[in-house]
Amino acid sequence: MYYKMKIIIVGAGLSGLSTAIALRKFIPTSQSLEVKIYDNINPATGQATEQESSNVATSQLGAGLGLEANGIRVLDNLDPTLKSKVYAAGFPCTHFTWKTAGDWLLGREYVDVLPISRPFLINCLQETLPAGVVIHQKVARVITRQGKKPVVQFEDESPDETADLVIGADGIRSTVRRDLFGEDEKYRPQYAGICAVGGVLDVPLPKHLLDNPTMVFYMGSTGVFGYTGLTQADKNKLLYWSVYETDLPGRGLKLDHDLMIQQIRERHGDWTDPLIRQCLQKANLDNVYPIFVMPDLPYWGRDGCVLVGDAVHALPPRSGQGASQAFEDGEALGLLLSGYLEKGYDTNEAISRSILGLFEIRAGRVQRIRADAMRWKDPKMPMSWLKTCGLYITLFILVRVNRVLSFFRRGESWNVRDAVSKYLKR
Ligand SMILES: Cc1cc2nc3c(=O)[nH]c(=O)nc-3n(C[C@H](O)[C@H](O)[C@H](O)COP(=O)(O)OP(=O)(O)OC[C@H]3O[C@@H](n4cnc5c(N)ncnc54)[C@H](O)[C@@H]3O)c2cc1C
């Protein structure tokens, strides 16, 4: 008699969807498998199950993000068709351009990065899965017990579900993390002192961006303003964002759109670039994203329950790695579980070993990425004239130092397959 392994994923964001694709791809077909994903947001509408959630100052689907080469490589490993679809939908760039508020070039950093609409990326991932895998339902609690299977309870009080493995892919305010670690402050995300706002502007992309696709970052005394194309399929969509230092906005506050627009105009109104001025004139901001960063957790899972993505390692956006690290988690977990099953371990043993393996393989990598990104401390805004000059000089030097370092680091790249295969051979 065959045993059907049941896996429940909480959260159909980038980590939950990519993990489901990885599990379905890598787990050997000899192992009967059921994967379900529960999400409290209806992907078709972007609305949460609770009416009030659509008004709070939190991210729902967001406008766009930049996906770096390692993340795209994971998508290719999961499904080359998915990768091609994502690539065609994005705006492939070869570098970041750093400029001053007065439009002086500080430097270029050569990085392959794919700006893409976040809802589109989520849809692409979801379309890779069969209909019915993603279920619109909010998880209230996951109960873990030593030696027993984890139990998932739902907000709407529909019957509890037991699974062999529960994966918490439920983002920065993870319910599953709370159930594993409790409310202790040291296991909760920390506000990074900055917020981001942004959107998409319908405007013809300038020739310099079409000829030389890049993500442009303008630095000034009041924050950072960035823009890039959203998709190569439409040359009239500009993705823009503004990042600024501020106290943490009150949670649950209804957003004042007029105030957000007034504030972005105050921050960047006298910056020189004509595209920034257009963005400010027509700005239509729909959200504030307070940036939170996760501290290190002593483990990523136990008793048949494991965390992936932002739930376990939310990174500062400056790392450019949030989405890619979420994808790497999914690929690593899929490969580990299939590796242990192929070695002949029973379901429970394969799951416990995979939970430990995920932590041992991935924790060090995300720690290094976070440490690199946090090396840069956000100064108090607005900065004095002197501090702003200091920032420009530092950036001017840093971009060049990074370019030299990356020349020597060519060919050195961490990849999930090698890391997992080395781990499984131990
Ligand atoms: C302003 C900003 C800019 C960013 N820019 C970039 C960038 O340029 N490049 C990059 O790589 N990364 C970027 N990131 C980070 C990236 O967006 C995240 O790392 C990534 O989305 C994490 O995916 P996730 O699936 O772990 O979490 P999420 O995307 O948060 O998904 C979690 C899912 O879980 C669901 N959920 C939550 N609780 C429950 C529950 N109780 N029951 C059921 N479902 C639940 C939510 O509805 C959601 O769909 C940025 C982040 C921010 C905030």
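Rule-based calculations on the coordinates, nothing more; no lab input. Just so you know, these numbers come straight off a predicted model, no measurement behind them. FYI the Cβ positions are ideal-geometry reconstructions off the backbone, even for glycines, and counts take in every protein chain you see.
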Inter-label distance for Lys380 and Gln367, nm, one decimal - labels placed 7 Å from Cα along Cα-to-Cβ:
3.3
Taking only Cα atoms, what is the 0 to 90° angle, nearest 10, from helix 322-342's long axis to the longest principal axis of the chain?
20
By how many degrees, 0 to 90 and rounded to 10, does the Cα axis of helix 69-78 deviate from the longest principal axis of the chain?
30
Rounded to whole Å and ordered largest first, report the semi-axes of the equivalent ellipsoid of the chain derived from its Cα gyration tensor (root of 5λ).
37, 24, 20
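So what is the relative contact order for the chain, in percent, with contacts set as C-alpha pairs under 8 Å and at least six apart?
Working: 849 pairs, mean separation 94.6, N = 426.
About 22 percent, as a whole number.
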Would any residue of the stretch 115-145 have its amide N under 19 Å from a label point 7 Å out along Cα→Cβ of Asp76? List them or say none.
115-116, 125
Space enclosed by the convex hull of the alpha-carbon atoms of the stretch 77-225, per residue, Å³
211
Taking H as built 1.01 Å from N, whose amide H comes closer than 5 Å to the amide H of Gly64, not counting residues under 5 places away?
Arg118
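Sum up the lysine pairs in the stretch 105-237 that clear both bars: alpha-carbon distance under 29 Å and a spacing of 8 or more or different chains. Don't skip to the answer; put the middle values down first.
Details: Lys138/Lys148; Lys138/Lys149; Lys138/Lys186; Lys148/Lys186; Lys149/Lys186; Lys207/Lys235; Lys207/Lys237.
Taking the stretch 105-237 as the scope, the lysine pair count is 7.
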Give the residue from Val133, Asn123, Gln146 lying farthest towards the positive end of the charge dipole for the stretch 100-149; charges sit on Cβ (+1 for Lys and Arg, -1 for Asp and Glu) and the dipole is referred to the Cα centre.
Gln146
Run through the DSSP bridge list for the stretch 5-424 and note the antiparallel percent, rounded to the nearest 5.
70
Note the full-extension length gain between Ser406 and Arg173 as 0.36 nm times their separation in residues minus their Cα-Cα distance, in nm to one decimal.
80.4 nm
Note, the stretch 378-383: 3J(HN,Hα) by Karplus (6.51, -1.76, 1.60, θ = phi - 60°), whole Hz, Gly/Pro = x, goes 6, x, 5, 10, x, 8
Along the stretch 276-292, Karplus-curve 3J(HN,Hα) (6.51, -1.76, 1.60; θ = phi - 60°) to the nearest Hz, with x for Gly and Pro, reads 4, 4, 5, 4, 5, 4, 9, 3, 9, 8, 10, 6, 10, 10, x, 8, 10
Can you tell me the 0 to 90 degree angle between the C-alpha axis of helix 118-128 and the longest principal axis of the chain, rounded to 10?
30
For the stretch 118-168, I need the span (max minus min coordinate) of the C-alpha atoms along each principal axis, in Å, sorted largest to smallest.
39, 24, 19
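In Å³ and rounded to a whole number, note down the convex hull volume per residue for the Cα atoms of the stretch 194-273. The partial results should precede the final answer.
Values: hull volume 9.0 nm³, N = 80.
In the stretch 194-273, the Cα convex hull volume per residue is 112 Å³.
Neighbour counts of other C-beta atoms within 10 Å: give me Val111, Val401, Val216 arranged from fewest to most.
Numbers: Val111 17, Val401 9, Val216 21.
Taking fewest neighbouring Cβ atoms as first place, the list is Val401, Val111, Val216.
Taking 0.36 nm per residue of separation and subtracting the Cα-Cα distance, what length does fully extending Lys186 through Ser413 add? Can you show the working numbers first?
Working: separation 227, 0.36 × 227 = 81.72 nm, distance 3.14 nm.
Between Lys186 and Ser413, full extension yields 78.6 nm more.
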